[in-house]
1. Given the options Arg173, Arg82, Arg37, which has the most mean-square fluctuation in a GNM of the chain, springs set between C-alpha atoms less than 10 angstrom apart?
2. With each run of n ≥ 4 DSSP H residues scored as -39500 (n - 2.57), what mean residue ellipticity at 222 nm is computed for the chain after dividing by its residue count and rounding to the nearest 500 deg cm²/dmol?
3. For the chain, restrict the atom set to alpha-carbon positions and state the Rg and Dmax in Å.
4. Over the alpha carbons of region 159-202, what is the largest minus smallest coordinate on each principal axis, giving the biggest first in Å?
5. Which sequence of Lys58, Lys179 reflects their accessible areas, 1.4 Å probe, from the largest down?
6. Taking N as the number of residues in region 35-147, what is its alpha-carbon radius of gyration divided by 2.2 N^0.38 Å?
7. Which one of Gly93, Cys166, Leu131 is farthest out on the positive end of the charge dipole of the chain, using unit charges on Cβ (Lys, Arg +1; Asp, Glu -1) and the Cα centre as origin?
8. Measuring from label point to label point, each 7 Å out along Cα→Cβ, what is the Lys185 to Arg54 span in nm?
Amino acid sequence: MHKGTLKSSQKASQSSWIGTLSQLRKLQPVPRRFYHRDPKLVAPELLGKILIRRQGRKLLAGRIVEVEAYLGQDDPASHAFRGPTDRNRVMFGPPGFAYVYFTYGMHYCANVTCMKEGTAGAVLIRALEPLVGIEEMAVNRDLNLSLDIGIAGGLKALTSGPARLCEALDITRTRDDGKDLTSPKSDLFIASDRSRVGEIACGPRVGITQAADWPLRFYLVGNALVSGPARKRQ
């Protein structure tokens, strides 16, 4: 496995976050009431928040830059469309929990549940902008960042896409499905540092065939880590 290495330009980018590592450690999870709403409302407000994985004293963290909303049993593209199953039962539980599924026989994707208990809804996290733990993410992704460096290259390869970000943060169904993302004791949670996110765009969701034209994908305009096509829906 490659050891993720950083050139000086990337070290400089990471150094601004090394200086705030203590601040990141102090961040608390977004409270459950935030998720107790329609996914269409939760999704754009997740942009700019930080997904954090604790590994002992180490942190792997990235800012959320792209998401998709899935609306439960009224949404043909949702895993909950045909009702509760063993696979999707977390979607019908309380809000603020991780729904992690396995797809294409090789990838994991991570969602956070929304709506009241008994009513399915979730937001898929599609892309992150890495903040800290970049070398560990590279090891998890089996990437050598010294060979493919920078925002448009190495960092995009780390966490741009739902499967990539799960691998980078070591998110799996066995480890994380059903995990409470609002608990201060959790090793995986979403926090807010109250950063301003800039312009948000929306458009059709990516990689689906049912309800593919619904404008439920939200992303930060101009962010190089966005994984899908940057087409804004008016």
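The values are calculated or read from the model by the stated rules, or taken from the named source; none is laboratory data. Keep in mind that what you see is a predicted model, and the values were worked out from it rather than measured. Positions of Cβ are backbone-derived with ideal geometry, glycine not excepted, and every protein chain shown enters the neighbour counts. With ligands, DNA and RNA removed, areas are computed over all heavy atoms of the protein, side chains included. Shrake-Rupley method; radii C 1.70, N 1.55, O 1.52, S 1.80 Å.
1. Top of the fluctuation ranking is Arg82.
2. Numbers: 7 runs with 48 residues, N = 234.
When only DSSP H runs of four or more count, the value is -5000 deg cm²/dmol.
3. Values for the chain (Cα only, Rg and Dmax): 16.8, 51 Å.
4. 36, 25, 17
5. Output order, biggest surface exposure first: Lys58, Lys179.
6. Working: Rg = 15.3 Å, N = 113, 2.2 N^0.38 = 13.3 Å.
Relative to the rule-of-thumb radius for its length, region 35-147 sits at 1.16.
7. Ranked along the dipole, the leading option is Leu131.
8. 1.0 nm
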